[in-house]
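Bear in mind these aren't lab numbers, they're just calculated from the coordinates by the rules spelled out. Since the model is a prediction, treat every value here as computed from it, not as a measurement. All Cβ positions, even for glycine, are placed from backbone atoms using ideal geometry, and neighbour counts span all protein chains on display.
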């Protein structure tokens, strides 16, 4: 799964990196410990334009009766998202990219779990494949945009830590993934199963285990060793 990640850059930085044409977001505080239901930046396409907007992490399908479902929908399995009631409508036309400076996975140790920070070998933001939805709060009539991160079987690097990882898309497929007119399910699912860009990882402090700890030290290496694949 993907339960924590990092979005610590300004929206303009992500906008330039992802070729955004329209900025539709306020500036969020840098986060070195993004947690479920937090607000996050995501890139989507509407009316032929690529937008950067703000979404709540935890997808609420249009039929959700309240916000409780969000915490259970922070992730969607890439292999089944097109069929699951909570995600299938979004899979058709509401796909997005969620910028991430990196993400965390936890390694099982005899005395507990050790967090690791996984990021691009080039230090560029990762493009996490996501889905989004627009939900109307029945009590306040507020429109809320929400999103989920798609997950897949891990590559060799992440497999040492966990049995799932977020889908990381290469630049070459960003346009096809975002295109609402692309309804070729086989083609979309092939993107989700394609090899991921080169990643590196290092162990970090258990500071990240608590959502209240949102500081740069969350991603600082415990030692100088770096693993890549």
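Miscellaneous remarks
- Applying 1/(1 + (r/R0)^6) with r as the Cβ-Cβ distance of residue 67 and residue 124 and R0 = 35 angstrom yields a FRET efficiency of 0.60.
- Projected-area mean, the stretch 1-69, by convex hull of Cα positions, square nanometres: 5.6
- Taking the square roots of 5 times each eigenvalue of the Cα gyration tensor of the chain, largest first, gives ellipsoid semi-axes of 27, 19, 18 Å.
- Ranking of 156, 79 by count of other Cβ atoms within 10 Å, fewest first: 156, 79
- Entry note, the chain: the mean residue ellipticity at 222 nm calculated from DSSP H runs of n ≥ 4, each adding -39500 (n - 2.57), is -3000 deg cm²/dmol after division by the residues and rounding to the nearest 500.
- Percent RCO, i.e. relative contact order, over the chain, from Cα pairs under 8 Å lying at least 6 residues apart: 21
- GNM result for the chain, Cα springs below 10 Å: residue of 203, 159, 70 fluctuating most strongly: 159
- As a proxy for reagent exposure, 158, 40, 92, 196 were ordered by neighbouring Cβ count within 10 angstrom, fewest first; the result is 92, 196, 158, 40.
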